[in-house]
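Here the structure comes first, spelled out in structure tokens, and everything after it is commentary.
Read-outs throughout are calculated quantities, based only on the coordinates presented, and are distinct from any laboratory measurement. No experiment lies behind these values; they were computed from the predicted model shown. Cβ placement follows ideal geometry from the backbone for every residue including glycine, while neighbour counts extend to all protein chains displayed.
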Amino acid sequence: MDEPADTELPLPVHPDLARDFFEISDGVSGFLMLYRFGLEEMLTKISILQQELEHTGADSPIEHVNHRLKRPESIAEKARRLGCAPSFDDVRAKVWDIAGIRIVCSFVSDAYTVLHMLERQPDVTVVQVKDYIANPKPSGYKSLHLIVDIPVFLSESTEVVRVEVQIRTVAMDFWASLEHKIHYKYRREIPLRLREELTGVAAATERLDQQMEQLHRESRTVPASPDLQA
């Protein structure tokens, strides 16, 4: 998923689309339940990592975490765009952003730290990593996109659930939120002037991240003044 993890543009979808696409509407709640469990498993992992770092006195790279589960109408619409067969199995195989988590960090280095922490989790299988920080989209969008599989242990079976994790800085998140609001207002048909201004703001955001990173590094190497040490 390329949009922010907890926000999606509303689509002009017929209210019965999800039922028609999935054929049996009663199965949708159970289908989404697994993704909700997958979200909870990943959120627990992230919370444990955050609390461990705080307990040891280390600086936590995580500022805050958001999450969302796609609406059935949005899932059905994306499934149609991807050419999925009207079955849960095909949707599960092709739609990878049904469950989404966004992790917001202070610094660019923190974003990569979080990425590497998640990659080291023994029961998290990394399916795909897209580095839009090193290689931003033409619009200026920047973020790390991580697709993972995580096991969910049920009473009589173990199900593997796919979750998308986006990792970005506060500045990147602010820019993405602004872009989303503009997309929402203009239904993706953004005037050229606004697109150019968004690109300019993206460049300014990158400079801000670089300056913040530099200050962060310097603050770790410059000793505190005697008054502060007393």
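Things to note:
- Residues of region 167-207 with amide N under 20 Å of a point placed 7 Å along Cα→Cβ from residue 131: 167-173, 203, 206-207
- The calculated FRET efficiency for the pair residue 51 and residue 109, based on their C-beta separation and a Förster distance of 22 Å, comes to about 0.60.
- Residue exposure proxy: 91, 163, ordered by other Cβ atoms within 10 angstrom of their Cβ from fewest to most, comes out as 91, 163.
- Nonlocal amide H pairs with residue 98, under 5 Å, H built at 1.01 Å: none
- Sequentially through region 166-174, phi angles give Karplus couplings (6.51, -1.76, 1.60; θ = phi - 60°) of 9, 10, 8, 7, 4, 5, 4, 5, 4 Hz, Gly and Pro residues having no value and appearing as x.
- At R0 = 45 Å, FRET efficiency that the Cβ-Cβ distance of residue 59 and residue 139 yields, to 0.05: 0.90
- Ascending count of other beta-carbon atoms within 10 Å, so fewest first, for 52, 218: 218, 52
- 3J(HN,Hα) along region 121-135, derived from phi through the Karplus expression 6.51 cos²θ - 1.76 cosθ + 1.60 where θ = phi - 60°, amounts to 5, x, 9, 10, 9, 7, 8, 7, 10, 10, 9, 8, 7, 6, 10 Hz, with x in place of Gly and Pro.
- Size of charge dipole - region 49-113 - debye, nearest 20, with Cβ of Lys, Arg +1 and Asp, Glu -1, no other charges: 580
- The 3J(HN,Hα) values that the Karplus relation (6.51, -1.76, 1.60; θ = phi - 60°) gives for region 63-77 are, in residue order, 7, 7, 10, 10, 8, 7, 10, 4, 6, x, 5, 5, 4, 4, 5 Hz. Gly and Pro appear as x.
- Whole-Å semi-axes of region 17-220's equivalent ellipsoid (Cα gyration tensor): 31, 25, 12
- For residue 169, residues with placed amide H under 5 Å, excluding near neighbours: 105
- Fewest neighbouring Cβ atoms within 10 Å first, the residues 125, 44, 205, 169 line up as 44, 125, 205, 169.
- Most to least packed among 60-70, 143-153 [average Cβ atoms within 10 Å]: 143-153, 60-70
- Distance between the 7 Å Cα→Cβ label points at residue 43 and residue 153: 2.0 nm.
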